[in-house]
Amino acid sequence: MKTRAISSALGWWSSNGVSPITGETALQQVLFQLARPVYILRHKGEYAAVVSGSVTLGAGQTTQPGLPVVAYAPGISLTQLGDADFLKEYNLEYPYIAGAMAHGITSVEMVGEMGRNGMLGFFGAAGLAPEVVDTAITRLSKTLGTHPYGCNLIHSPNEPRLEEAIVALYLRRGVRLVSASAYLGVTLPVVRYRVHGIHRDVSGKIITPNHIFAKVSRVEVARQFFSPPPERFLRQLVDIQEITEEQAELASHIPLAQNVTAEADSGGHTDNRPALALIPTILALRNQLQEQYGYARQLRVGAAGGIATPASAAAAFSMGAAYLVTGSINQACVESGSSDVVRQMLAETQQADVVMAPAADMFEMGIRVQVLKRGTMFAMRGAKLYELYRNYESLDDIPQTERKSLEEKFFRQPLDVVWEQTRQYFLQRDASQIGRAERDPKYKMALVFRSYLGQASHWANRGEPSRKIDYQIWCGPAMGAFNEWVRGSFLEQPENRRVVAVALNILYGAGVIHRLNTLRTQGMQFPASFWNISPVPESELKQQISIQ
């Protein structure tokens, strides 16, 4: 590699019997060994690298013996990419989280793998019955022991009793970390979870046993989570003797969520916000509210949505993200709660193969989720159901031709039968929904339509062959970016995609990019090949991460 003109040296290097490393291939190998500090020399008109010898720093000196040092990159650990206090607080090795994908897609197996390897996983509890979540907690507790893990708490505006039941379960089982997602505003259950057990220790420090990771894409929602719990909710909790007056007073000095994840364009619930605009905005809000409330501990911002390659991870860390959260790419891993047929579909996905579709849990509100469109008609059929819901007041009002199409293509049985099945489902889950549906024909229609939307993700997770055309597969454009990055590597094949290998390769690649950028700001230029950081197996990767 030829050197560029650099005005002066940073210092001088003496060999002590060591020869400089030259040549593009050898230089790249040295730079990619992240744990080793590297000095870049100007040697015979080319760049050379050294990792040993004697260096005397001091710019402007021209009479020193040895070769001029023109750039320097310290050794870097992947733990240094994010927030050190975050890692310490949650006993983690890496600033990387497997986000909660609903219906157990982020499975017990996946959360276990993350926890055993120094990372954090949130079990995908959304959409599951409390007894199923309870069983998962038992398995996670046995599997992970003292290793950290968390569970999902999703906003349920149509089923508030379910949200209350899940919070009660988490409190009873001692689940200390919760990922709060899809919230349009703060609710009483989420406040109850956060302030439960709040107290002062012997030194007077406020201790909050329960921690919320709030995933948001709107400033107004982020503001609510970064602020102390609303007074009106604290009063309600005092009135029902859930907390004491003293605990309510303590709660006014803490944020509802210490960690807020800025969720950009992602799979599932998303506002399709661009990360380059969203993350700095949430960081600025963090700074404002940290100063306003003077919290004892610094508020943190994580990054989610579009994180699928070393470049996207490096960009998020460079903007100030304390940690990363991935989603779509984890669903394509062998530990996910999805099916092999879905994993294959995801492995063939390109960035433009996604589309917005009606959300089952917030159907009547017109809320949408991002799903895979390639190989499935779910989005088109979901949009048709929402169109019928808006245009008609009841199932009986739907024209016969439209009704016939629904019964033959969508539900594959008469709508009267679908309603009876839906009714039986809610008698077990939340009987109050049935009374409302019997009083309100339009709400009855919504429940029937939601049954298709809800079952579509279960069909995908089970790999139901007869329903492949109806699969609902939550997916963002990150999946396509990931496939483009891993093409030609061992991760191209779905059966090789293990969640820890994926995570470590993304973090390692981000570390390499950070190192190259450090040297680039000192005047170095690299061939394009240096920026192509292909995935490698874990055993090889660990040799690059640590000095052997």
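The values are calculated or read from the model by the stated rules, or taken from the named source; none is laboratory data. Being a predicted model, the structure only gives us computed values, none of them experimental. Heads up, the Cβs are rebuilt from the backbone with ideal geometry, glycines too, and the neighbour counts pull from every protein chain shown.
Considering the stretch 458-473 alone, what residues qualify as being surrounded by 22 or more Cβ atoms within 10 Å (Cβ to Cβ) and either at pLDDT below 95 or β-branched (Val, Ile, Thr) (or both)?
The answer is Ile473, and nothing else.
Would you check which residues across the stretch 365-383 are at pLDDT 95 or above and part of a helix (DSSP H, G or I) and list them?
Correct list: Phe378, Ala379, Met380, Arg381, Gly382, Ala383.
Which residue out of Ile307, Ile282, Ile329 is touching a strand residue (DSSP E or B) at 6+ places or on another chain (Cβ under 6 Å) and closer than 21 Å to Ser534 by Cβ? Full working, then the answer.
Working: Ile282 fails: closer than 21 Å to Ser534 by Cβ; Ile329 fails: touching a strand residue (DSSP E or B) at 6+ places or on another chain (Cβ under 6 Å).
Every option except Ile307 fails the conditions.
Looking at (1) surrounded by 23 or more Cβ atoms within 10 Å (Cβ to Cβ); (2) over 23 Å from Gly118 (Cα atoms); (3) not assigned by TED's automatic domain parsing to the domain that holds Arg381; (4) not charged (D, E, K, R), which is the one condition that is false for Ile254?
For Ile254, the failing item is (1).
Looking for something touching a residue at least 60 places away in the same chain (Cβ under 8 Å) and more than 17 Å from the chain's Cα centre (by Cα) - is there at least one such residue anywhere in the stretch 307-315?
Of all residues in the stretch 307-315, those touching a residue at least 60 places away in the same chain (Cβ under 8 Å) come to 307-314.
Cutting the leftovers down to more than 17 Å from the chain's Cα centre (by Cα) gives us none.
Taking every residue of the stretch 307-315 in turn, none turns out to be touching a residue at least 60 places away in the same chain (Cβ under 8 Å) and more than 17 Å from the chain's Cα centre (by Cα).
Checking the condition aliphatic (A, V, I, L, M), surrounded by 18 or more Cβ atoms within 10 Å (Cβ to Cβ) and closer than 21 Å to Asp265 by Cβ, which residue from Ala352, Ala347 passes?
On the way: Ala352 fails: surrounded by 18 or more Cβ atoms within 10 Å (Cβ to Cβ).
None of the others qualify; the one that does is Ala347.
Of the residues that sit in the stretch 57-78 and are modelled with pLDDT of 80 or more and under 15 Å from Ser14 (Cβ atoms), which one is nearest to the chain's Cα centre (by Cα)?
Top of the filtered list is Val69.
Quick grid of which residues meet (1) over 24 Å from the mean Cα position of the chain (by Cα); (2) assigned by TED's automatic domain parsing to the domain that holds Val38; (3) buried (at least 20 other Cβ atoms within 10 Å of the Cβ):
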| residue | (1), (2), (3) |
| --- | --- |
| Gly488 | yes, no, no |
| Glu492 | no, no, no |
| Arg497 | no, no, yes |
| Leu507 | no, yes, yes |
| Ala510 | no, yes, yes |
| Ile513 | no, yes, yes |
| Thr518 | yes, yes, no |
| Thr521 | yes, yes, no |
| Trp531 | yes, no, no |
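Among (1) closer than 20 Å to Gly454 by Cβ; (2) surrounded by 13 or more Cβ atoms within 10 Å (Cβ to Cβ); (3) modelled with pLDDT of 95 or more, where does Met362 come up short?
Result: Met362 fails condition (3) only.
Are there helices (runs of 4 or more DSSP H) fully within the stretch 385-498 with at least 3 residues that are free of Cβ contacts under 8 Å to residues at least 12 places away in the same chain? List them.
400-405, 415-429, 432-439
Which members of the stretch 358-375 meet the condition of being closer than 14 Å to Asp265 by Cα and of a type in the set (A, V, I, L, M, F, W, C)? Give the derivation first.
Just the residues of the stretch 358-375 that are closer than 14 Å to Asp265 by Cα, to begin with: 368-372.
Val369, Val371, Leu372, listed by residue number.
Examine the stretch 270-279 for a residue that is touching a helix residue (DSSP H, G or I) at 6+ places or on another chain (Cβ under 7 Å) and surrounded by fewer than 22 Cβ atoms within 10 Å (Cβ to Cβ), and state whether such a residue exists.
no
Report yes if Val536 is without any contact (Cβ under 8 Å) to a residue 60 or more places away in the chain, in contact with a helix residue (DSSP H, G or I) (Cβ under 6 Å, 6 or more places away or on another chain) and of a type in the set (Val, Ile, Thr), otherwise no. Give the steps one after another, and end with the answer.
Values: without any contact (Cβ under 8 Å) to a residue 60 or more places away in the chain: yes; in contact with a helix residue (DSSP H, G or I) (Cβ under 6 Å, 6 or more places away or on another chain): no; of a type in the set (Val, Ile, Thr): yes.
Judged against the criteria, Val536 is not a match.
Have a look at Arg368, Arg412, Arg381, Arg374 and point out the one that is surrounded by 12 or more Cβ atoms within 10 Å (Cβ to Cβ), in contact with a Ser or Thr (Cβ under 8 Å, 6 or more places away or on another chain) and within 21 Å of His458 (Cβ to Cβ). Don't jump to the end; show me each part of the working.
Numbers: Arg368 fails: in contact with a Ser or Thr (Cβ under 8 Å, 6 or more places away or on another chain); Arg412 fails: in contact with a Ser or Thr (Cβ under 8 Å, 6 or more places away or on another chain); Arg381 fails: in contact with a Ser or Thr (Cβ under 8 Å, 6 or more places away or on another chain).
Every option except Arg374 fails the conditions.
Given the conditions (1) in a strand (DSSP E or B); (2) out of contact with any Phe, Trp or Tyr (no Cβ under 6 Å at 6 or more places or on another chain), which single one is not true for Ala214?
Looking at each condition in turn, Ala214 falls short on (2).
Any residue at all in the stretch 518-533 that is within 20 Å of Ala308 (Cα to Cα) and assigned to a loop (DSSP other than H, G, I, E, B)?
Yes: one or more hits.
Read through the list (1) among the hydrophobic types (A, V, I, L, M, F, W, C); (2) touching a helix residue (DSSP H, G or I) at 6+ places or on another chain (Cβ under 6 Å); (3) modelled with pLDDT of 95 or more; (4) in the same structural domain as Lys444 (by TED's automatic domain parsing), then give the number of the only condition that Ile329 fails.
(4) is the only condition that Ile329 fails.
Scan the stretch 350-394 residue by residue and report those that are farther than 21 Å from Gly476 by Cβ and within 24 Å of the chain's Cα centre (by Cα).
none
Would you check which residues across the stretch 171-205 are without any contact (Cβ under 8 Å) to a residue 24 or more places away in the chain and of a type in the set (Ser, Thr, Tyr) and list them?
First, pick out the residues of the stretch 171-205 that are without any contact (Cβ under 8 Å) to a residue 24 or more places away in the chain: 172, 174, 197, 201-204.
Within the stretch 171-205, just Ser203 meets the criteria.
Could you tell me which numbered condition Val175 fails, if it satisfies all but one of (1) within 19 Å of Val108 (Cα to Cα); (2) among the aliphatic types (A, V, I, L, M); (3) in contact with a Pro (Cβ under 8 Å, 6 or more places away or on another chain)?
(3)
State yes or no: is Val341 of a type in the set (A, V, I, L, M) and under 20 Å from the mean Cα position of the chain (by Cα)?
no
Out of all the residues in the stretch 186-216, which are crowded, with 23+ Cβ neighbours inside 10 Å and more than 23 Å from Arg161 (Cβ to Cβ)?
Listed by number, the residues that qualify are Phe213, Val216.
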